[in-house]
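To start, the structure itself, in structure tokens.
The values are calculated or read from the model by the stated rules, or taken from the named source; none is laboratory data. Remember, it's a predicted structure, so these values are computed and weren't measured experimentally. All Cβ positions, even for glycine, are placed from backbone atoms using ideal geometry, and neighbour counts span all protein chains on display.
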Amino acid sequence: MVKKIDFYKFYQNKKVLITGHTGFKGSWLTTWLLNLGCNVVGVSKNIPTKPSNFENLNLKKKIKNYYLNIENYKKLKKIILKERPNIIFHLAAQSIISESFTSPLETVNTNTQGSLNVLHASSFLNNKCSCIMITSDKCYFNLEKKAGYKENSLLGGQDMYSGSKAAAEIILQAYYHSFLKKNKNLRFCTVRAGNVIGGGDWSKNRLIPDIMRSWKKNLKPKIKNPKSVRPWQHVLEPLFGYLKLAIFLNKNEKLNGESFNFGPNFKKTYTVMQLVKLLQKNLNKKNSYSFKKKSNFHETKILKLNSQKAYKKLRWKTLLNLDQIGIFITNWYKIYFRKNSNMYDFTIKQIKEYEKKTFN
Ligand SMILES: NC(=O)c1ccc[n+]([C@@H]2O[C@H](COP(=O)([O-])OP(=O)(O)OC[C@H]3O[C@@H](n4cnc5c(N)ncnc54)[C@H](O)[C@@H]3O)[C@@H](O)[C@H]2O)c1
């Protein structure tokens with residue numbers, strides 16, 4: 001059990017480096033860490049979307065930013081050794097499956113080599129540091145299984161994004177066995193979460209942003225794979241898992257090199273269409289979607305995670321059901337589309353609402 005007071009105490013004044021801080025999950029994590037009293041440093045290649053959650057939350061002014069491609073090992077090492085973080089959350093990635101079909105080399109260079117660069121550069125730190133390396137639920141070789149994948153399930157992929165994340169998992173394990181067992185300062189875990197949704201996502205070819213963009217223009221979004229089952233979870237759920245894991249990893253050397261799934265109870269997953277209908281109801285939209293005939297690349301129909309390890313070792317599980325996730329998301333976009341809203345304050349409000357549920 002981690003009590004709220006210990007959670008805040010642990011993070012107070014910690015130096016935390018986030019790669020991928022300008023993205024969807026990175027901007028939420030940055031905001032949460034600021035609220036916990038951390039000194040946050042961000043490393044990202046660019047601001048990936050327009051609009052951008054990072055820009056809307058005005059995070060540029062609140063933290064120290066480096067704009068760097070993590071494929072540049074030399075410069076990355078310089079930044080990490082200069083900043084001497086206590087904790088690193090590595091989220092930077094080419095994160096869009098469809099883009100991995102047009103940019104296979106970039107996908108592998110960033111997701112696989114880039115992840116190794118972060119860990120290898122951190123291994124030269126002379127202070128203690130815990131790295132939480134974010135990969136993906138897509139790292140599992142998909143067998144369209146009804147039961148959820150466990151951390152020791154077969155890794156692999158049928159697209160370059162999934163393959164690059166599976167490869168990152170394999171390479172980081174090899175790195176652990178080759179170098180990190182003897183390193184007194186650096187500990188790491190890899191984490192695999194899936195289908196993370198929430199306000200502030202503006203990525204292309206993702207369900208929620210595609211829907212919100214279309215509805216804003218009074219257009220009908222095209223829904224692909226309506227019957228696909230996904231382990232939807234609100235962005236705050238896996239982020240809380242990552243934050244909790246960093247605390248446990250700091251205390252417990254035995255977690256070094258371990259992997260964790262962070263997903264909802266695998267018996268309670270929902271289809272794409274169930275989520276679309278929920279958002280439609282909350283935003284009072286009528287018949288406002290159409291269907292895309294066929295996706296032009298391979299996508300899994302069922303993808304479920306077994307997250308019992310995270311429950312056993314960290315007492316982590318998802319807390320929000322689909323209705324609550326829907327409310328969190330639609331409230332966020334309603335406020336966003338209102339003029340002159342302070343999205344930083346509203347995001348903190350949602351974080352505090354979530355914390356109340358976790359620490360009650
Ligand atoms: N969003 C999801 O549903 C989901 C699901 C599973 C795993 N993930 C993983 O979580 C992490 C964060 O996802 P997200 O949705 O916030 O992604 P995102 O696309 O919104 O953000 C990606 C971030 O990585 C940075 N980046 C990309 N290439 C880089 C490079 N070469 N060098 C430095 N920075 C680079 C971008 O600037 C941006 O800050 C990624 O590793 C992603 O693969 C996300």
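Please pick out the residue among Val16, Val41 that is touching a residue at least 40 places away in the same chain (Cβ under 8 Å), in contact with a Lys or Arg (Cβ under 9 Å, 6 or more places away or on another chain) and assigned to a strand (DSSP E or B).
Val41
When you check Thr30 against the structure, is it at negative phi and crowded, with 24+ Cβ neighbours inside 10 Å, yes or no?
On the way: at negative phi: yes; crowded, with 24+ Cβ neighbours inside 10 Å: yes.
Against the criterion (at negative phi and crowded, with 24+ Cβ neighbours inside 10 Å), Thr30 qualifies.
Does segment 177-191 contain at least one residue that is charged (D, E, K, R) and either under 25 Å from Phe54 (Cα atoms) or within 18 Å of the chain's Cα centre (by Cα) (or both)?
Start the filter on segment 177-191 by keeping residues that are charged (D, E, K, R), which leaves 181-182, 184, 187.
Checking the rest, the ones that are also either under 25 Å from Phe54 (Cα atoms) or within 18 Å of the chain's Cα centre (by Cα) (or both) come to none.
Looking through segment 177-191, none of the residues is charged (D, E, K, R) and either under 25 Å from Phe54 (Cα atoms) or within 18 Å of the chain's Cα centre (by Cα) (or both).
Sort out which residues of segment 39-62 are touching a strand residue (DSSP E or B) at 6+ places or on another chain (Cβ under 8 Å) and more than 13 Å from the ligand (Cβ to nearest atom), and write them in order of number.
Once the filter is applied, which keeps residues that are touching a strand residue (DSSP E or B) at 6+ places or on another chain (Cβ under 8 Å) and more than 13 Å from the ligand (Cβ to nearest atom), segment 39-62 yields Asn39, Val40, Val41, Lys62.
In segment 124-153, what residues are of a type in the set (A, V, I, L, M) and in contact with a helix residue (DSSP H, G or I) (Cβ under 9 Å, 6 or more places away or on another chain)?
Passing the criteria: Leu125, Ile132, Met133, Ile134.
So which residues in segment 19-38 are in a helix (DSSP H, G or I), more than 7 Å from the ligand (Cβ to nearest atom) and small (Gly, Ala, Ser)?
Answer for segment 19-38, where residues must be in a helix (DSSP H, G or I), more than 7 Å from the ligand (Cβ to nearest atom) and small (Gly, Ala, Ser): just Ser27.
Search segment 259-275 for residues being buried (at least 19 other Cβ atoms within 10 Å of the Cβ) and assigned to a loop (DSSP other than H, G, I, E, B), and hand back the single one that is modelled with the highest pLDDT.
Gly263
State all residues of segment 98-123 that are under 17 Å from Leu17 (Cβ atoms), surrounded by fewer than 20 Cβ atoms within 10 Å (Cβ to Cβ) and in contact with a helix residue (DSSP H, G or I) (Cβ under 6 Å, 6 or more places away or on another chain); if no residue qualifies, say none.
Within segment 98-123, Leu116 is the sole residue that qualifies.
Across segment 212-237, which residue is farthest from the ligand (Cβ to nearest atom) among those that are within 23 Å of Phe262 (Cα to Cα) and not hydrophobic (A, V, I, L, M, F, W, C)?
So, considering only residues that are within 23 Å of Phe262 (Cα to Cα) and not hydrophobic (A, V, I, L, M, F, W, C), the one farthest from the ligand (Cβ to nearest atom) is Lys227.
Report whether or not Trp232 is touching a residue at least 24 places away in the same chain (Cβ under 8 Å), of a type in the set (Phe, Trp, Tyr) and surrounded by 24 or more Cβ atoms within 10 Å (Cβ to Cβ).
Against the criterion (touching a residue at least 24 places away in the same chain (Cβ under 8 Å), of a type in the set (Phe, Trp, Tyr) and surrounded by 24 or more Cβ atoms within 10 Å (Cβ to Cβ)), Trp232 qualifies.
Considering segment 263-273 alone, what residues qualify as being touching a helix residue (DSSP H, G or I) at 6+ places or on another chain (Cβ under 7 Å) and not aliphatic (A, V, I, L, M)? First the steps, then the outcome.
We begin by selecting, within segment 263-273, every residue touching a helix residue (DSSP H, G or I) at 6+ places or on another chain (Cβ under 7 Å); these are 263, 270, 272.
Those that are touching a helix residue (DSSP H, G or I) at 6+ places or on another chain (Cβ under 7 Å) and not aliphatic (A, V, I, L, M): Gly263, Tyr270.
For segment 310-360: of the residues being outside any helix (DSSP H, G or I) and out of contact with any helix residue (DSSP H, G or I) (no Cβ under 6 Å at 6 or more places or on another chain), which is surrounded by the most Cβ atoms within 10 Å (Cβ to Cβ)?
Applying the first criterion (outside any helix (DSSP H, G or I)) to segment 310-360 yields 315-321, 338-342, 359-360.
With out of contact with any helix residue (DSSP H, G or I) (no Cβ under 6 Å at 6 or more places or on another chain) added as a condition, the list becomes 315, 320-321, 338-340, 342, 360.
Details: Arg315: 11, Leu320: 18, Asn321: 12, Arg338: 9, Lys339: 4, Asn340: 4, Asn342: 13, Asn360: 7.
Going through the qualifying residues, I end up with Leu320.
Considering Leu17, Leu68, which residue is within 23 Å of Lys244 (Cα to Cα) and not aromatic (Phe, Trp, Tyr)?
Details: Leu68 fails: within 23 Å of Lys244 (Cα to Cα).
Within the list Leu17, Leu68, the selection yields Leu17.
For segment 201-233: of the residues being of a type in the set (Val, Ile, Thr) and touching a Phe, Trp or Tyr at 6+ places or on another chain (Cβ under 8 Å), which is farthest from Met273 (Cα to Cα)?
My answer is Ile211.
Would you be able to say whether some residue in segment 299-309 is more than 20 Å from the chain's Cα centre (by Cα), surrounded by fewer than 16 Cβ atoms within 10 Å (Cβ to Cβ) and either modelled with pLDDT of 95 or more or among the aromatic types (Phe, Trp, Tyr) (or both)?
no
If I filter segment 2-13 down to residues being of a type in the set (A, V, I, L, M, F, W, C) and either within 16 Å of the ligand (Cβ to nearest atom) or not in a loop (DSSP other than H, G, I, E, B) (or both), which single residue comes out as nearest to Asn127 (Cα to Cα)?
Phe10
Counting just the residues of segment 192-211 that are part of a strand (DSSP E or B) and buried (at least 23 other Cβ atoms within 10 Å of the Cβ), which one comes out nearest to the ligand (Cβ to nearest atom)?
The qualifying residue nearest to the ligand (Cβ to nearest atom) is Val196.
Filtering segment 172-191 down to residues that are in a helix (DSSP H, G or I) and not aromatic (Phe, Trp, Tyr), which residue is farthest from Ser259 (Cα to Cα)? Talk me through it step by step, then tell me what you get.
Filtering segment 172-191 down to residues in a helix (DSSP H, G or I) leaves 172-178, 180-182.
Next, only the ones that are not aromatic (Phe, Trp, Tyr) stay: 172-174, 177-178, 180-182.
Numbers: Leu172: 10, Gln173: 9, Ala174: 13, His177: 14, Ser178: 17, Leu180: 15, Lys181: 15, Lys182: 19 Å.
In this case the residue turns out to be Lys182.
Tell me yes or no: at least one residue of segment 169-189 is within 16 Å of the ligand (Cβ to nearest atom), within 30 Å of Met273 (Cβ to Cβ) and crowded, with 24+ Cβ neighbours inside 10 Å.
no
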